[in-house]
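Below is one structure, written out as structure tokens; the observations come after it.
The values are calculated or read from the model by the stated rules, or taken from the named source; none is laboratory data. These figures come from a predicted structure and were not determined experimentally. Note that we place each Cβ from the backbone using ideal geometry, even for glycine, and neighbour counts take in every protein chain shown. All accessible areas refer to the heavy atoms of the entire protein, side chains included, with ligands and DNA or RNA removed. Shrake-Rupley method; radii C 1.70, N 1.55, O 1.52, S 1.80 Å.
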Amino acid sequence: MVQRVVDTANHLAGYAAKAAGVKVVAAYPITPQTTIVEKIADFVESGEMDAEYIRVESEHSAMVACIGAAAAGVRTFTATSSHGLALMHEALHWASGSRLPIVMAVVNRAMGAPWSIWPDMSDSLSQRDTGWIQFYCAGNQEVFDTILQAYKLCEDERVFLPAMVCLEGFILSHTYAPAEIPDQAKVDAFLPAYKSGWVLDVNKPYSHANLVSPEWYMEFRYLIQEAMENAKRLIPQIDKEYAERFGHAYGGLIEKYRCDDADLVLLAMGTIGSDAKLAVDKLRKEGLKVGSARVRVYRPFPVEEIVKLAASSRMLVTLDRHISFGMEGFLGSEVKASLYGQQDRPLFSGFIAGLGGRDVTAETIEKVAKRSLKMLDAGRVEKETEWVDLRE
Amino acid sequence: MTLAPKKRGDLPLTPLSCPTEGSMGNTGSWRTFRPEVNYSKCTKCTLCWVFCPDAAITRQQDDSPKIDYDYCKGCGICANECPVKAIVMVREEE
């Protein structure tokens with residue numbers, strides 16, 4: 001039976017770990033992630049969840065414990081934020097290189113200094129090149145659903161990679177909203193028991209991810225790249241299957257909204273991507289042909305989807321809750337990189353917004369769209385990157 | 001023993017190594033200096049056997065050391081530890 005709840009995205013992440021039948025959770029608390037693992041600790045303590053809960057002394061240890069557990073052949077989960085994720089960095093490479101399908105909720109929080117507990121995506125986007133799949137969610141239900149989808153994807157033998165399911169701190173993590181927890185039998189039918197690509201076995205001992213000479217190292221890297229490409233193909237299929245079974249669909253790699261006849265498409269990740277829909281509706285009422293596209297999966301990057309959007313529109317605009325110092329926002333960079341091979345490229349402008357939890361409302365997005373439409377009318381972009389609501 | 005792949009398609013997901021002697025090949029070839037044991041000086045204290053970081057020294061029946069030159073990298077720890085200077089490091093010749 002479907003269980004209807006009104007709960008936070010963090011608690012829903014806990015419900016998802018329980019529904020997925022996770023067997024080992026190793027975690028270290030950090031704001032704004034803590035309530036995820038608190039919820040799981042409650043489930044384990046009450047016996048509702050048959051899992052080993054390992055308390056560790058740091059996030060680095062949390063990830064390494066998850067690696068050990070996954071290598072021993074069980075489904076594992078952890079969660080972190082910001083500096084906790086940064087501390088995990090080295091171990092993230094070991095997880096992906098060992099091809100272990102660990103799923104981790106990352107509650108996006110800005111990096112210090114200066115200290116901040118509010119959201120932006122500089123924490124998870126800094127982990128871009130670790131070989132982890134990255135999902136970005138825009139709602140509480142999506143957090144729950146994406147965790148289940150992530151296990152399905154990561155444990156596919158064509159993938160065998162770990163994934164981060166990212167959600168912005170406070171905007172989602174601590175905000176109560178209605179959600180559905182599906183019937184457990186239906187979850188089990190969607191997500192079969194974990195079968196690892198390889199497993200540690202005391203009766204047939206071996207070690208893993210050892211020294212590889214230059215003769216073969218590149219090939220192992222290529223296998224990860226291939227797995228990422230496979231993931232790109234599988235994500236829309238899994239999203240479709242999930243929609244058929246549970247009634248929730250998220251557009252696979254990218255959630256498009258009123259893009260078909262749009263002159264200008266606003267691209268963003270996370271909650272800015274969902275607030276953009278409100279801005280689009282308002283602008284449409286004014287007769288302005290604007291659409292929005294929420295990039296739901298950042299790694300693998302949906303290059304082909306971006307190319308399609310570019311072909312059907314006259315201008316692409318990115319809103320990045322991130323800055324790569326000395327360049328621009330990653331989403332902006334990668335949207336442009338996706339289009340270099342195309343003959344007729346639309347105009348582009350990139351905006352940096354919402355760093356360290358600065359509010360990005362539908363009105364903010366509307367302002368960005370109107371500013372961009374002016375550039376489109378003029379036929380040229382004055383500045384490729386602009387900062388939104390920056391104080392004088 | 002290394003089960004060397006022939007082509008990319010033969011690779012496992014991640015390198016897996018079974019317990020085996022010298023999985024990285026003949027590491028003795030890395031050596032610049034070779035430890036040589038003067039058995040007449042050796043007191044069979046076994047310190048060299050204890051300290052060898054590569055387990056390239058075996059303890060013989062009479063407790064005297066036997067160096068496996070296939071895997072000894074020539075680090076010199078045995079010569080350094082030997083209390084009676086029964087092990088000396090000799091430069092490898094071409």
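For this structure, a couple of remarks:
- The angle between the Cα long axis of helix A:214-246 and the longest principal axis of the Cα atoms of chain A comes to about 80 degrees, rounded to the nearest 10.
- With 20 Å² as the minimum drop in accessible area between chain alone and full protein complex (1.4 Å probe), the qualifying residues in the range A:187-227 are A:Trp198, A:Pro205, A:Tyr206, A:Ser207, A:Ala209, A:Asn210, A:Leu211, A:Trp216, A:Glu219, A:Phe220, A:Tyr222, A:Leu223.
- For A:Pro32, neighbours were defined as the other residues whose beta-carbon sits under 10 Å from its Cβ, and their charges (Lys and Arg +1, Asp and Glu -1) total 0.
- At most 10 other Cβ within 10 Å, DSSP loop - trypsin sites (Lys or Arg not before Pro), chain B: B:Lys6, B:Lys7, B:Lys85
- Carbon plus sulfur fraction of accessible area for the protein assembly as shown, probe 1.4 Å, in percent: 53
- Within the assembled protein chains, the solvent-accessible surface assigned to B:Cys72 is about 10 Å², based on a 1.4 Å probe.
- The alpha-carbon of B:Lys41 sits under 20 angstrom from the alpha-carbons of these lysines, leaving out residues fewer than 8 places away in its chain: B:Lys66, B:Lys85.
- Straight-distance candidates among the lysines for linking to A:Lys18, with alpha-carbon spacing under 22 Å and chain neighbours fewer than 8 residues away dropped: A:Lys39, A:Lys152, A:Lys186, A:Lys195.
- Principal axis extents of the Cα atoms in chain B, from largest to smallest and rounded to whole angstrom, are 55, 31, 18.
- Between A:Lys370 and A:Glu157, the C-beta separation translates, for a Förster distance of 35 Å, into a calculated FRET efficiency of about 0.15.
- Accessible area in the full protein assembly, largest first, 1.4 Å probe, for A:Phe77, A:Phe330: A:Phe330, A:Phe77
- Accessible surface buried once B binds A (1.4 Å probe; total of both sides; Å²): 1500
- Applying both filters, DSSP loop and at most 14 other Cβ atoms within 10 Å, to the trypsin sites (Lys or Arg not before Pro) of the range A:101-201 gives A:Arg158, A:Lys195.
- Across chain B: Cys residues that no other cysteine approaches within a C-beta distance under 4.7 Å: B:Cys18, B:Cys42, B:Cys45, B:Cys52, B:Cys72, B:Cys75, B:Cys82
- What separates the Cα centres of the range A:1-64 and the range B:69-86 is a distance of 52 Å.
- With a 1.4 Å probe rolled over the protein heavy atoms of all chains, the accessible area of A:His248, A:His93 falls in the order A:His93, A:His248, largest first.
- Restriction of the GluC sites (Glu not before Pro) in the range A:271-368 to DSSP coil positions whose beta-carbon has at most 12 other beta-carbons within 10 angstrom yields A:Glu286.
- Length-normalised contact order for chain A - Cα pairs under 8 Å, 6+ apart - percent: 16
- Candidate cross-link partners of A:Lys289 among the lysines, defined by an alpha-carbon separation under 25 Å and a same-chain spacing of 8 or more, comprise A:Lys256, A:Lys277, A:Lys308, A:Lys336, A:Lys367, A:Lys370, A:Lys374, A:Lys383.
- Based on DSSP H segments of at least four residues, each scored -39500 (n - 2.57), chain B has a per-residue ellipticity at 222 nm of -2000 deg cm²/dmol.
- Spin-label model, B:Lys85 to B:Asp10: label points 7 Å out along the Cα-to-beta-carbon direction sit 5.2 nm apart.
- A:Val303 accessible area, 1.4 Å probe, all protein chains in place, Å² to nearest 10: 50
- Dipole magnitude (debye, nearest 20) for the protein assembly as shown, charges at Cβ of Lys, Arg, Asp, Glu: 580
- For A:Asn108, residues with placed amide H under 5 Å, excluding near neighbours: A:Leu167, A:Glu168, A:Gly169
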